[in-house]
């Protein structure tokens, strides 16, 4: 049995199919871990979701920011944007079923020394704190008030640092919004500990005073697998592996075989 960690698919189903051939994927024996952003921008988000759901326990995925955006559109919190390719998912008779399936995916998966998230972990979190927050947010997304959580997240108000203090009610709401941002949107962290959520460029374009979140994190013996940062591309270092190699932008779809570290890359088909 092999376990493969795979970067952002974003609706690029033909590229995913080609990668699975390259991996010689057998759902009876192998497992696939996806770093989130299953949907959007690519042409076949509906096919990706249908296939993922049909794989059952052979496939595990965490939620990314584009997945949360789809949920927000389905809840009526926001409308699809100009570059979105979500209409097929939103308009299919299977929409409610697929949205429910997506709402029940985790934000963080930990197995042995591996931790899978979409964007990252705040440097000041311990792994125990990150897991607890992920479980709290997952319960909200799976509960009756999931749309309200996404509404607060999509307000895009000025973001604070994790350590700032508020009254108790405000702290709960802000903590959850900041948690979603860290798990699904973060790339760089400023010297004051706040997330630079506007930055989308590569490493060479990092603003002064902003560093990649993984460079600031104290290891606890784990290796964090993450996607989201297409502009930095695939890479790995002590305690981290960046899996997003910009498939939806004409790059590659990349998989890492966890047991031996072998990397497989499929050039974008779309």
Inside the range 107-127, the number of residues satisfying the requirement of being farther than 15 Å from residue 225 by Cα and loosely packed, with under 14 Cβ neighbours inside 10 Å is 1
Note on the range 4-24: residues in a loop (DSSP other than H, G, I, E, B) and crowded, with 21+ Cβ neighbours inside 10 Å are 7, 8, 9, 10, 11, 12
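Can you pull out the residues in the range 244-269 that are under 17 Å from residue 228 (Cα atoms), in a loop (DSSP other than H, G, I, E, B) and touching a strand residue (DSSP E or B) at 6+ places or on another chain (Cβ under 6 Å)?
Start the filter on the range 244-269 by keeping residues that are under 17 Å from residue 228 (Cα atoms), which leaves 244-256, 265, 268.
Okay, now just the ones that are also in a loop (DSSP other than H, G, I, E, B), so 244-245, 250-251, 268.
Residue satisfying the conditions is 245 alone.
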Subset of the range 57-77, residues surrounded by fewer than 14 Cβ atoms within 10 Å (Cβ to Cβ) and outside any helix (DSSP H, G or I), comes to 76
Pairing a residue in the range 76-102 that is without any contact (Cβ under 8 Å) to a residue 24 or more places away in the chain with any residue that is assigned to a helix (DSSP H, G or I), where Cβ atoms lie under 7 Å and the two sit 6 or more apart in sequence or on different chains, gives 79/73; 80/73; 80/87; 90/73; 90/74; 95/74; 95/89
Query - Residue within the range 96-106 that is over 19 Å from the mean Cα position of the chain (by Cα), at pLDDT 95 or above and either closer than 17 Å to residue 228 by Cβ or surrounded by fewer than 20 Cβ atoms within 10 Å (Cβ to Cβ) (or both) present - result: yes
Item checked: Some residue of the range 117-126 being free of Cβ contacts under 8 Å to residues at least 60 places away in the same chain and under 26 Å from residue 190 (Cα atoms) -> yes
Within the range 39-71, residues being touching a strand residue (DSSP E or B) at 6+ places or on another chain (Cβ under 6 Å) and under 19 Å from residue 246 (Cα atoms) number 2
The correct count of residues that are within 20 Å of residue 225 (Cα to Cα), out of contact with any strand residue (DSSP E or B) (no Cβ under 6 Å at 6 or more places or on another chain) and part of a loop (DSSP other than H, G, I, E, B) in the range 175-214 is 6
Within the bounds of the range 223-238, is there any residue that is more than 20 Å from residue 111 (Cβ to Cβ), more than 16 Å from the chain's Cα centre (by Cα), surrounded by fewer than 19 Cβ atoms within 10 Å (Cβ to Cβ) and touching a residue at least 40 places away in the same chain (Cβ under 8 Å)?
no
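The values are calculated or read from the model by the stated rules, or taken from the named source; none is laboratory data. Please read these numbers as outputs of a predicted model, since none were measured by experiment. As a convention, Cβ positions derive from the backbone with ideal geometry for all residues, glycine included, and neighbour counts pool all protein chains shown.
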